[in-house]
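Please treat every number below as a calculation from the coordinates, not as lab data. The shown structure was predicted, so the numbers you read here are calculated from the model rather than taken from an experiment. Cβ: placed from backbone, ideal geometry, glycine included. Neighbour counts: every protein chain shown.
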Amino acid sequence: MTTEPRIAPADPTDAGEILTVQRAAYLTEAQRYADPFLPPLTETLDEVRTALAGPATVLTARLGHRLVGSVRVHVDGGTGHVGRLSVAPDQQGRGIGGQLLRAVEAACAARVRRFALFTGADSEQNLRLYHRHGYRVVGHRPDPNGIRLALLEKPVVSPARSDV
């Protein structure tokens with residue numbers, strides 16, 4: 001029997017669990033790129049608490065009492081910048097990342113014209129996830145450590161206008 005995760009807004013008390021899952025999830029990325037200084041791995045508990053207190057929308061996924069994933073989005077102008085999508089390694093490949101992505105998009109869709117995010121250009125599993133959810137690569141750039149990043153965007157599809 002498969003249990004669906006409960007997706008809900010993060011609470012300030014979730015900060016420690018979010019950081020733990022985030023570090024576990026991004027460890028694979030750090031190994032892929034041989035870079036232990038990826039920002040999700042060096043973020044502090046106080047920085048996570050600040051993100052939870054700030055204007056960003058932060059969602060969590062829970063299976064029972066266990067936090068198994070999280071995602072953030074901050075809105076700047078007409079763009080929702082998605083970041084820190086994290087799923088516990090033992091729960092990856094079960095659709096939780098896609099559920100978090102859909103939920104955070106739904107939470108912000110009325111305020112934005114597009115969503116944007118980035119991932120490692122060699123992170124094939126991440127790129128497949130984002131492509132399945134309508135994101136397309138619009139460019140590449142290096143991060144501060146020289147790792148090549150893929151920049152992806154997705155337009156927000158508005159409902160058909162009745163006055164046209």
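Once amide H atoms are built 1.01 Å from N in the peptide plane, which residues 5 or more positions from G80, or in another chain, come under 5 Å H to H?
R113, R114, F115, A116
How big is the dipole moment of the stretch 6-155 about its Cα centre under a simple scheme where the beta carbon of each Lys and Arg is +1, that of each Asp and Glu is -1, and everything else is neutral? Debye, nearest 20, please. Numbers along the way, then the final one.
Values: 19 positive and 15 negative charges, 125 e Å.
Roughly 600 debye for the stretch 6-155.
For the stretch 6-155, with the dipole built from +1 on Lys and Arg beta-carbon atoms and -1 on Asp and Glu ones, taken about the Cα centre, which of V87, V58, Y130 lies farthest toward the positive end?
The residue sitting most towards the positive pole is Y130.
Roughly how many Å is it from the Cα centre of the stretch 1-60 to that of the stretch 89-158, as a whole number?
Cα centres, the stretch 1-60 to the stretch 89-158: 16 Å.
For the stretch 107-124, take each phi angle, set θ = phi - 60°, evaluate the Karplus expression 6.51 cos²θ - 1.76 cosθ + 1.60, and give the result in whole Hz per residue in order, putting x for glycine and proline.
5, 10, 4, 6, 9, 9, 9, 7, 10, 9, 7, 9, 8, x, 5, 9, 8, 4
Could you identify which residue out of R72, R84, R102 has the top mean-square fluctuation in a GNM of the chain using Cα springs shorter than 10 Å?
Of R72, R84, R102, the most mobile in the Gaussian network model is R102.
Can you work out ³J(HN,Hα) from phi for every residue in the stretch 50-65, in order, using Karplus 6.51 cos²θ - 1.76 cosθ + 1.60 and θ = phi - 60°, giving whole Hz and x for Gly and Pro?
The phi angles translate into 4, 4, 5, 8, x, x, 5, 8, 10, 10, 10, 10, 10, 10, x, 8 Hz.
Given only helices, namely DSSP H runs of n ≥ 4 each adding -39500 (n - 2.57), what is the per-residue ellipticity at 222 nm of the chain, to the nearest 500 deg cm²/dmol? Walk me through the intermediate numbers first.
Working: 5 runs with 54 residues, N = 164.
When only DSSP H runs of four or more count, the value is -10000 deg cm²/dmol.
Explain nothing, just the number: relative contact order of the stretch 6-155, from Cα pairs under 8 Å at least 6 residues apart, as a whole percent. Please list the in-between numbers first.
Numbers: 248 pairs, mean separation 29.6, N = 150.
Result for the stretch 6-155 is 20 percent.
Can you sort L85, L63 by how many other beta carbons sit within 10 Å, fewest first? Numbers along the way, then the final one.
Numbers: L85 25, L63 16.
Lowest count first: L63, L85.
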